[in-house]
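Remarks on the structure that follows.
The values are calculated or read from the model by the stated rules, or taken from the named source; none is laboratory data. Values in this document were obtained by computation on a predicted structure and should not be read as measured data. Here the Cβ positions follow ideal geometry from the backbone for every residue, glycine too, while neighbour counts run over all protein chains shown.
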Ligand code: GRF
């Protein structure tokens, strides 16, 4: 990709929104050169992420899938809101639904997710607990493009976290989360400010 346009970000979230909050903090500190947060959409009415958006004057929408005949129609409405907000990058900040065709086709190689394990190990829910109980000595987090699989798209960046003998699963989750906040910002900055290309599954940064 050659950098030409400003990155206009739409955020999808389902929960507490700590990754979103930490990206906004970095944004307010001037960390990103070329980026605006245009809107946040949540599938959960009670998601604290909605409140974080409102407090930061970012248009926030709650869309329940139950109000739509099927997932396709639900996603088409998400696409409509994102497009009418001028969005050209979508970030999943704890969005707990698989992304379907309408979103993937509207934003090819423009949807990125953060996952709390070193993919391809431990995709899916409760990745930190999966890694902890498997007994790995190193885990971490991954920022990746979203494709039609489960946490399976090309990897943009990863960070490792050691598992200590004294850790509980909650301790490990907490230390991974701290690294997620840093990694997400770094990857979002690189992908929106540097030139990059996809060589098969490999994301290659050119500058
Ligand atoms: C994070 O652990 C992220 O990796 C996963 O969902 C969680 C969201 O946390 N995809 P938060 O809502 O950003 O605090």
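Tabulated values for the structure
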quantity: Any hit, the range 61-81, residues being within 16 Å of the ligand (Cβ to nearest atom), modelled with pLDDT of 95 or more, under 20 Å from residue 114 (Cβ atoms) and touching a strand residue (DSSP E or B) at 6+ places or on another chain (Cβ under 6 Å); calculated: no
quantity: Unique match (being at pLDDT below 95, away from the ligand (no atom under 11 Å from the Cβ) and out of contact with any helix residue (DSSP H, G or I) (no Cβ under 8 Å at 6 or more places or on another chain)) among 207, 162, 152; calculated: 207
quantity: Condition broken by residue 107, with the remaining ones in (1) more than 16 Å from the ligand (Cβ to nearest atom); (2) touching a helix residue (DSSP H, G or I) at 6+ places or on another chain (Cβ under 8 Å); (3) over 19 Å from residue 190 (Cα atoms) satisfied; calculated: (3)
quantity: Checking residue 90 against (1) within 19 Å of residue 50 (Cβ to Cβ); (2) more than 13 Å from the ligand (Cβ to nearest atom); (3) not in a strand (DSSP E or B), the condition it does not meet; calculated: (3)
quantity: Residues satisfying the stated conditions in the range 44-57, i.e. more than 10 Å from the ligand (Cβ to nearest atom) and buried (at least 20 other Cβ atoms within 10 Å of the Cβ); calculated: 50, 53
quantity: Single residue of the range 52-64 satisfying the filter (under 18 Å from the mean Cα position of the chain (by Cα) and in a helix (DSSP H, G or I)) that is farthest from residue 16 (Cα to Cα); calculated: 53
quantity: Conditions (1) touching a helix residue (DSSP H, G or I) at 6+ places or on another chain (Cβ under 7 Å); (2) within 21 Å of residue 59 (Cα to Cα); (3) assigned to a helix (DSSP H, G or I): number failed by residue 82; calculated: (1)
quantity: Any hit, the range 187-204, residues being modelled with pLDDT of 95 or more, surrounded by 12 or more Cβ atoms within 10 Å (Cβ to Cβ) and farther than 22 Å from residue 108 by Cβ; calculated: no
quantity: Residue match in the range 33-40 (condition: buried (at least 17 other Cβ atoms within 10 Å of the Cβ) and part of a loop (DSSP other than H, G, I, E, B)); calculated: no
quantity: Per-region count, the range 167-204, residues away from the ligand (no atom under 16 Å from the Cβ) and either assigned to a helix (DSSP H, G or I) or touching a strand residue (DSSP E or B) at 6+ places or on another chain (Cβ under 6 Å) (or both); calculated: 10
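For (1) surrounded by 19 or more Cβ atoms within 10 Å (Cβ to Cβ); (2) at pLDDT 95 or above; (3) away from the ligand (no atom under 13 Å from the Cβ); (4) part of a loop (DSSP other than H, G, I, E, B), each residue gets a yes or a no:
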| site | (1), (2), (3), (4) |
| --- | --- |
| 118 | yes, yes, no, yes |
| 123 | no, yes, no, yes |
| 129 | no, yes, no, no |
| 132 | yes, yes, yes, no |
| 142 | yes, yes, no, no |
| 148 | no, yes, yes, yes |
| 156 | yes, yes, yes, no |
